[in-house]
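Undergrad: A single structure is presented below for examination.
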Amino acid sequence: LASDGLWDVCVFTVAARHMATRKTIDRAAKKLLRIAEKEYLEVREHEMMDDDTTVLVVELNPSSTPFTPQAGAEEAGCCQLL
C-alpha cells in the first residue's frame, strides 16, 4: 500500500519487482521511498519532495510456504482464506 507520492513516480510492476527482491519488508519499504525521493529530488531537481509519500509493505507469507491452489479455486477467484 502506498500513497500517490509513490504511485505518481513508480509503476506497480517496478514496485513489485523491488519488493520481491528485498530480504526484509523494511528494506522493501525503504527502497520504494528511495525511488520516489530520487525522482523528486534528482530527476525533477526539486528542493523537496512534491508530495507526501507513505509506503506500507505487509508480508503475507512470512514462512515462504509455497502456494498450492485447491481444486476449484479457479472459479472462486485468485485468492483464498484458509
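Undergrad: Within the stretch 33-70, which residues are outside any loop (DSSP other than H, G, I, E, B) and either among the aromatic types (Phe, Trp, Tyr) or at pLDDT below 80 (or both)?
TA: The one that is outside any loop (DSSP other than H, G, I, E, B) and either among the aromatic types (Phe, Trp, Tyr) or at pLDDT below 80 (or both): TYR40.
Undergrad: Condition check: more than 17 Å from LEU1 (Cβ to Cβ), open to solvent by 100 Å² or more (accessible area, probe 1.4 Å) and modelled with pLDDT under 85. Does GLU74 satisfy that?
TA: Criteria met by GLU74.
Undergrad: Can I ask one more? Please work out which residue is surrounded by the fewest Cβ atoms within 10 Å (Cβ to Cβ), limiting yourself to the stretch 1-32 and to residues that are in contact (Cβ under 8 Å) with a residue 12 or more places away in the chain and not in a helix (DSSP H, G or I).
TA: My answer is LEU1.
The values are calculated or read from the model by the stated rules, or taken from the named source; none is laboratory data. Everything numeric here is computed off the predicted structure, so don't read it as measured data. Counting neighbours? That spans all protein chains shown, and the Cβs are built from the backbone with ideal geometry, glycine included. The accessibility values were calculated without ligands, DNA or RNA, using every heavy atom of the protein model including side chains. Shrake-Rupley method; radii C 1.70, N 1.55, O 1.52, S 1.80 Å.
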